[in-house]
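In what follows, a single structure is set out as structure tokens and then discussed.
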Amino acid sequence: MKHLPSIKRIPLAIFMTFILQPYQLLASETQLISIQMSQSIHLDGLVDEYWKTAPQLKLRLDKLPYQADNYQGLTSTDVTLKSMHDEEFVYFLVQYPDPTKSLKRFPWQKQKDGSWLQLKDKDQTGHSNIYYEDKFAFFWEINTPGFAKKGCAVACHLINDQGKINGIDQKGITAGRKYTRRSGETIDMWHWKSVRMNPVGVVDDQFVDHVKDPKVNKNWGRHGDNKTGGGYKNNINKDKNGPAFMNITNDGLNDFTITPEQKTAFVDTFQTGDLIPGIKSESFTGSRGDISTKGVWLDGVWTIEMKRKLVTSGKKANVQDVQFNDLSKQYHFAISVFDNSQINHLYHDGAITFTFH
Amino acid sequence: MRLNNLSFHSKLGLSGLLITIILGVLSAATLIGLLYSSADSGFNLPEMDKVQAKYSSSLLVGAMKTSMYQHVTVDEDIDLVADWVKQGAINNDFFRDEVMLVMENDCQSCHSRSSTMTGAIPSIPLSNYEDIKRYTERGFSWAHMAKVAHIHLLGIAMLMGIVTLILSISSYQNTIKMGLICVAWITLWLDISAWWLAKFSTSFAYLIALAGTIEIASIITICILCLFDLWFVIPAFFREKNNN
């Protein structure tokens, strides 16, 4: 290049910049690498200094499984993922922009006449997109053929033109169901729920199997992992016309679910328009509570940290949980973001490769 | 008028055009490599069985092997549908029990009249036998051929016309210019013709791959030669005689 007049370097520079460079950027587009760490991670929903050493994967989620008639949420967001591990645990850092922190999941509201109304909305499938919560999900391949290629689509079954799934009428009941094709094929689902489970510090650990009949399981292939206790329940009184409990303090943190520490009998001293949580939550125990978490929404961004044992134990751990028992192996997963929606979610095509380094 | 005699601004403008054409052709080659290989990233060489599937199989099986391959759960799904098509694509128990199961699992989320998912194609439903049957004819139908051929022929002709005209005012030897211009146009005609002929013999799939490769290579070569002539001095051996 030294002997070329500067003006003649222009076309070569253009060629190098615009033709060669894009091909160099193709590598490792959808791979997340977990690096080994030397210090313990404190789950606080903040990007602590140690996370800066971990390689990140940035992925755009811009697809929705259906157009809900009252959906007002995100239609696209860029999710950043990082992972680290030690001898016993694997950790994940998830961040994505979401301008609205959605907390009002089916809250009770005091009416002008003194009665209480649980605020709910339904789209054409019977699901909420207004009075709900923000959620995030990991979907991990355990042993389902096609997952590495199709990602979560391998278990997604939308209603057909007749409004049916597997020959069963689902019109007005749902947009789709999750199930795998054959018996023995399972997928691990880590469902982070900002209102119901984030305050008690666990992810709702679930799994998907081949069940495609609501008579066998009302949620078809979708199941909660085995649990020994805890969970979330509607906060509703015996007469089903108002809340049964409320929080000791209503301070913004405790306005939308009722944790055991805050739970107290409902006494109505409220003003018209006041809200009471429509749900009460306890941390899961057993396999369903395998994953610890802390998520924080700040300045329009959700930052979520998760922690799970590399290898879980329990009666059906190998069926219900992905087991990171071979750190030289490639694992596959997919992610989705629920913006204040019950079932509608942003997703991406294909699967992400996960490796340990 | 010769390329190397143009003003600096004309050279810049033409360089932008030629580089953009190279980028466009490389993008097309990347897409072809992705559609006709098992890879989902990077620059790949097309696999012949996928090229044959696209042009010699039914549209349904061809799509499952190429453009829709990423949505097919396992390769056995393609074999199953291909067998059914080979047996005459009859509305029998095998269709209802096996083929429809594959359609439900792999196709109908997007390909149904009522689908509203992102990227749905409700205009090409695969919801019932009648919907599916129409895509089981081997190779390109007259209508499909006429549709894709006129788009490609007219579109590529515009591109080819521009680059060959630019080459014609370069300072290369006439034999080089004539050779490249003829090769570019002839391979375009052979490529598109072979799409249709592959309906009758799978061996024409090799002609598609060969002619397509030469066509792409000739366009890129023409662009690079013209860029070189715009900014550098052509070695005497390649230069036209009256321009020495």
Taking the dipole about the Cα centre of the protein assembly as shown, with the C-beta of Lys and Arg at +1 and of Asp and Glu at -1, give me whichever of A:Ile236, A:Gly286, B:Ser15 is farthest to the positive side. B:Ser15
Residues meeting the amide H criterion for A:His332 (H placed from the backbone, H to H distance under 5 Å, 5 or more places apart or on another chain) are A:Glu141, A:Phe354
Measuring from its Cα centre, the range B:95-244 shows a charge dipole (+1 at each Lys and Arg Cβ, -1 at each Asp and Glu Cβ) which, in debye to the nearest 20, is 440 debye
So for the range A:87-176, using the alpha carbon gyration tensor with a ≥ b ≥ c as root eigenvalues (a/c under 1.5 gives rounded; past that, a/b versus b/c decides prolate or oblate), I'd call it oblate
For chain A, what is the per residue volume of the convex hull drawn over the alpha-carbon atoms, in cubic angstrom? 199 Å³
Name the residue from A:Gln206, A:Ser83, B:Val233 whose Cα lies farthest towards the positive end of the charge dipole of the protein assembly as shown, charges +1 on Cβ of Lys and Arg and -1 on Cβ of Asp and Glu. B:Val233
Answer with one residue from A:Gly176, B:Thr30, A:Gly221: the one whose Cα lies farthest towards the positive end of the charge dipole of the protein assembly as shown, charges on Cβ with Lys, Arg +1 and Asp, Glu -1. B:Thr30
About the Cα centre of the protein assembly as shown, what is the dipole size in debye to 20, counting +1 per Lys and Arg Cβ and -1 per Asp and Glu Cβ, all else neutral? 960 debye
Based on DSSP H runs of at least 4 residues, each adding -39500 (n - 2.57), what is the mean residue ellipticity at 222 nm of chain A after dividing by all its residues, to the nearest 500 deg cm²/dmol? -1000 deg cm²/dmol
Per-residue HN-Hα couplings for the range B:99-112 [Karplus 6.51, -1.76, 1.60; θ = phi - 60°; Hz; x = Gly/Pro]: 5, 5, 5, 5, 4, 5, 6, 10, 10, 5, 4, 8, 8, 8
Need one value for A:157-166: mean number of C-beta atoms belonging to other chains within 10 Å of its residues' C-beta atoms. 5
Explain nothing, just compute: Karplus ³J(HN,Hα) = 6.51 cos²θ - 1.76 cosθ + 1.60, θ = phi - 60°, for every residue of the range A:163-179 in order, whole Hz, x for Gly and Pro. x, 10, 10, 6, x, 10, 4, 10, 5, x, 9, 7, 8, x, 10, 10, 6
Report the Cα centroid-to-centroid distance between the range B:200-244 and the range A:197-235 in angstrom, as an integer. 62 Å
Reach of A:Lys309 by Cα under 21 Å, taken over lysines that are not fewer than 8 positions away in the same chain: A:Lys82, A:Lys193, A:Lys227, A:Lys294, A:Lys329
Ignore the peptide's own chain and count Cβ atoms of other chains within 10 Å of each Cβ in A:34-45; give me the average, rounded. 0
Going by the alpha-carbon gyration tensor, a ≥ b ≥ c the square roots of its eigenvalues, is the range B:76-158 rounded (a/c under 1.5) or, if a/c is not under 1.5, prolate (a/b greater than b/c) versus oblate? oblate
Nearest 0.05, what FRET efficiency do B:Ser27 and A:Asp326 give at R0 = 45 Å with Cβ-Cβ as r? 0.70
Taking the mean number of other Cβ atoms within 10 Å as a proxy for protection, how do you rank A:231-241, A:300-310 from highest to lowest? A:300-310, A:231-241
Residue-averaged 222 nm ellipticity for chain B, from DSSP H runs of 4+ at -39500 (n - 2.57), nearest 500: -19500 deg cm²/dmol
Would you please give the residues with an amide H less than 5 Å from that of A:Met189, counting only those at least 5 places away or on a separate chain, with H modeled from the backbone geometry? A:Trp140, A:Gln206, A:Phe207, A:Val208
Across the Cα atoms of the protein assembly as shown, what radius of gyration and what greatest pairwise Cα-Cα distance (Dmax) are found, in Å? 29.8, 102
Please report, to one decimal in angstroms, the Kirkwood hydrodynamic radius of chain B built from all distinct Cα-Cα pairs. 20.4 Å
Subtracting the Cα-Cα distance of B:Lys86 and B:Ser201 from 0.36 nm times their residue separation yields 39.8 nm
Euclidean distance between Cα centres, the range B:54-70 to the range A:259-273, Å: 61 Å
Treat every Asp and Glu Cβ in the range B:19-99 as -1 and every Lys and Arg Cβ as +1, leave all other atoms uncharged, and give the resulting dipole magnitude about the Cα centre to the nearest 20 debye. 460 debye
Subtract the Cα-Cα distance of A:Glu261 and A:Lys316 from 0.36 nm times their separation in residues, and report this length gain in nm to one decimal. 16.7 nm
For the range B:2-17 and the range A:119-151, what is the separation of their Cα centres, given in Å? 55 Å
Under the √(5λ) rule applied to the eigenvalues of the Cα gyration tensor, what semi-axes describe the equivalent ellipsoid of the range A:242-357? Give them in Å, descending. 36, 19, 13
List, in the order given, every pair from B:Lys147/B:Lys199; A:Lys63/B:Lys86; A:Lys150/B:Lys50; A:Lys112/A:Lys135; A:Lys120/A:Lys233 whose Cα-Cα distance in the structure shown is over 24 Å. A:Lys63/B:Lys86; A:Lys112/A:Lys135
Rg and Dmax of the range B:15-143, Cα atoms, in Å? 16.6, 61
With no solvent and one equal point scatterer placed on each C-alpha of the range B:90-209, evaluate the Debye formula and give log10 I(q)/I(0) for q = 0.16, 0.18, 0.21 Å⁻¹, two decimals. -0.92, -1.02, -1.13
Here FRET efficiency (C-beta to C-beta, A:Thr355 to B:Thr20, R₀ 35 Å, nearest 0.05) is 0.40
Please turn the phi angles of the range A:307-315 into ³J(HN,Hα) values with the Karplus equation 6.51 cos²θ - 1.76 cosθ + 1.60 (θ = phi - 60°), one per residue in order, whole Hz, x for glycine and proline. 9, 9, 5, 4, 10, 9, 10, x, 4
Between B:Trp189 and B:Thr175, what is 0.36 nm times their sequence separation minus the Cα-Cα distance? Round to one decimal in nm. 2.9 nm
log₁₀ of I(q)/I(0) at q = 0.12, 0.18 Å⁻¹ - the range A:54-131, Debye sum with one point per alpha carbon: -0.59, -0.90
Considering only the other residues whose Cβ falls under 14 Å of the Cβ of B:Asn91, what net charge follows from Lys and Arg at +1 and Asp and Glu at -1? -2
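Bear in mind that the values in this text are calculations on the coordinates, not laboratory data. Keep in mind that what you see is a predicted model, and the values were worked out from it rather than measured. Cβ coordinates were reconstructed from backbone atoms using ideal geometry, including for glycine residues, and neighbour counts include every protein chain displayed.
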